[in-house]
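These notes concern the structure reproduced below.
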Amino acid sequence: MSEAQLRRPRVCIDLDAIRHNASVARHHAGNRLIFAAVKADGYGHGMQAVAEALREQVDGYMVATIGEGLALRQSGITARIMVLQGFFDQREARQAARGLLEPVIHDPEQVAVLKSGHTGLPLKVWFKLDTGMHRLGMAPEQLARSLAELADCRWVRARPGLMTHLACADEPGHPLTERQLGVFHVFSRNHEGELGEISVVNSAALLDFVAVGDAVVRPGIMLYGANPFLGGTAADHGLQAAMRLTSRLIAIKTVPRGGTIGYGATFRCPKDMQIGVAAIGYGDGYPRHAPTGTPVAVNGQRATLVGRVSMDLVTLNLSGLDARVGDEVELWGPTVPADEVASHCGTIAYELFCGLSGRVARCYTGATREQPAGVD
Ligand SMILES: *Cc1c(COP(=O)(O)O)cnc(C)c1O
């Protein structure tokens, strides 16, 4: 890599950390199947690379769209793939069937597509029950009707799966979770004979409790080493950060007391200050709303942002630190948890991970596949 490239932002993905986090998920999942959430390009970590790295550790994958599912198939993934938004028309339903994808049916429109259609091969489908999140999924009565309507459809394999999604699993003990689980279990008991596998939990719920009858667990964020809960830290659960976003200092200057930093002059130096300028900004996906005080690490030493984030640059308070032009700045990663940056920005690590732009160079470390025992 040239000197010039070194001064651009880089994101390094540690596949061993992802594999470590999957082993934490496995510990909690016991003998339930694990479908790893790799939607949105593996939460920004690279869908194919993540899927490949987890090949030996998970039982399937979860994506949002048929297109993402087909891309996984094209990259050689043969494991099961659940498609959360399912299909919207005949063409997508046929693509799902041909790709052996497992679409989620969450709306009566999709039932109509299957009833009037011809997918070529019978589909393995999941029905999504809206148990109280009121986003995707059908209410119990509607879902019962849809199940009955598709009961003898030759394009749907017998005993479809039943799933739901929890709105507040990130807050252990939230009363909505118990209500949602109640609705789910009443429905699954009433329709036991018609249904196959059951799937309830995301990362937070997987770490927090065991849902009755759950056969397939659906962790996402924990695999990437961020904290699925509102409180505490990822490290509390033995999770390791997989993404490390870095750049370099390209200038250092002393700004006199009373001087202001950057656009809008939002930060005024209370004394003479050493200010560092790092080559990363919102054009790279670093959040523009990161306020003064947002943590970074310069040569492994914690420092903070001062002034506004601009398109290609951020300004840092280097007072009292040992730093030179060319030194590395970690924006988030093992030293500065993405969760901490996210909470300064009023968002969650999920959004930071997904938001990096194509301008950021990417690299991978760690084995892409588990080495068989005894082989180097
Ligand atoms: C994304 C997603 C998950 C994974 O959630 P995490 O909070 O990342 O563990 C599970 N289920 C559904 C339906 C999802 O959309």
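The values are calculated or read from the model by the stated rules, or taken from the named source; none is laboratory data. The structure presented is a predicted model; accordingly, all values stated were derived computationally and were not measured. For neighbour counting, all protein chains shown are included, and Cβ atoms are generated from backbone atoms with ideal geometry for every residue, glycine included. Each accessible area value is taken on the protein alone, full model and side chains, heavy atoms only, with ligands, DNA and RNA left out. Shrake-Rupley method; radii C 1.70, N 1.55, O 1.52, S 1.80 Å.
Given points 7 Å out from each Cα along the Cα-Cβ axis, report the LYS115 to ARG7 separation in nanometres with one decimal.
The answer from the label model is 6.5 nm.
For a test of the definition: using alpha carbon positions, the gyration tensor, and the 1.5 limit on a/c, classify the range 1-87 as rounded, prolate or oblate.
oblate
Whenever you get a sec, compute what percent of the accessible area on the range 175-331 sits on carbon and sulfur atoms (1.4 Å probe).
Ligands and nucleic acids excluded, carbon and sulfur reach 51 percent.
For the chain, give me the percentage of DSSP beta bridges that are antiparallel, rounded to the nearest 5 percent.
Beta bridges within the chain, antiparallel portion: roughly 55 percent.
Starting from the Cα coordinates of the range 118-169, work out the convex hull volume and express it per residue in Å³.
That works out to 82 Å³ per residue.
For a quick check of your reading of the filter: which trypsin sites (Lys or Arg not before Pro) in the range 214-275 sit in a DSSP loop and have no more than 16 other Cβ atoms within 10 Å?
Answer in residue order: ARG257, LYS271.
Explain nothing, just the number: relative contact order of the range 237-376, from Cα pairs under 8 Å at least 6 residues apart, as a whole percent.
Dividing the mean separation by the residue count of the range 237-376 yields 27 percent.
Assuming R0 = 35 Å, can you tell me the calculated FRET efficiency for the pair ARG324 and GLN74, based on Cβ-Cβ distance, to the nearest 0.05?
E between ARG324 and GLN74, to the nearest 0.05, is 0.15.
Looking only at ILE81, ILE13, ILE275, which one moves most when the chain is put into a Gaussian network model with springs between Cα atoms under 10 Å?
Between ILE81, ILE13, ILE275, it is ILE275 that shows the largest mean-square fluctuation.
Ratio of the range 221-345's C-alpha Rg to 2.2 N^0.38 Å, to two decimals?
The value comes to 1.07.
Enumerate the lysines that LYS128 could reach by cross-link, defined here as Cα to Cα under 21 Å, with residues fewer than 8 away along the same chain left out.
LYS39, LYS115
If you wrap a convex hull around the alpha carbons of the range 149-237, what volume per residue comes out, as a whole number of Å³?
Cα convex hull per residue, to the nearest whole number: 103 Å³.
For the range 199-289, just run the numbers: alpha carbon Rg, then divide by 2.2 N^0.38 Å, N being how many residues it has.
Here the Cα radius of gyration is 1.72 times the empirical estimate.
Roughly how many nanometres apart are two label points built 7 Å out from the Cα toward the Cβ at GLU149 and ASN299?
Between GLU149 and ASN299, the label points sit 6.6 nm apart.
So, with a 1.4 angstrom probe, what is the percent of accessible area on the range 1-150 that is carbon and sulfur?
53 percent
If I build a Gaussian network model for the chain, linking alpha-carbon pairs within less than 10 angstrom, which residue out of GLY46, GLY259, GLY86 has the largest mean-square fluctuation?
Among GLY46, GLY259, GLY86, the largest GNM mean-square fluctuation belongs to GLY259.
Distance in nm between label sites at ILE252 and ARG268, each 7 Å beyond Cα in the beta-carbon direction?
2.8 nm
Considering the Cα trace of the chain, what is its radius of gyration and what is Dmax, both in angstroms?
Taking only Cα atoms of the chain, I get Rg and Dmax of 23.5, 78 Å.
Could you do me a favour and compute the accessible area per residue for the chain, 1.4 Å probe, result in Å²?
Spelled out: the 1.4 Å probe surface of the chain, per residue, equals 44 Å².
Which whole-number percentage describes the relative contact order of the chain, with Cα contacts under 8 Å and a sequence gap of 6 or more?
That works out to 19 percent.
What is the sum of charges, Lys and Arg at +1 and Asp and Glu at -1, for the other residues whose Cβ falls under 13 Å from the Cβ of GLY300?
-2
Okay, helix-only estimate at 222 nm for the chain: each DSSP H run of n ≥ 4 adds -39500 (n - 2.57), divide by all residues, round to 500 deg cm²/dmol; what do you get?
-7500 deg cm²/dmol
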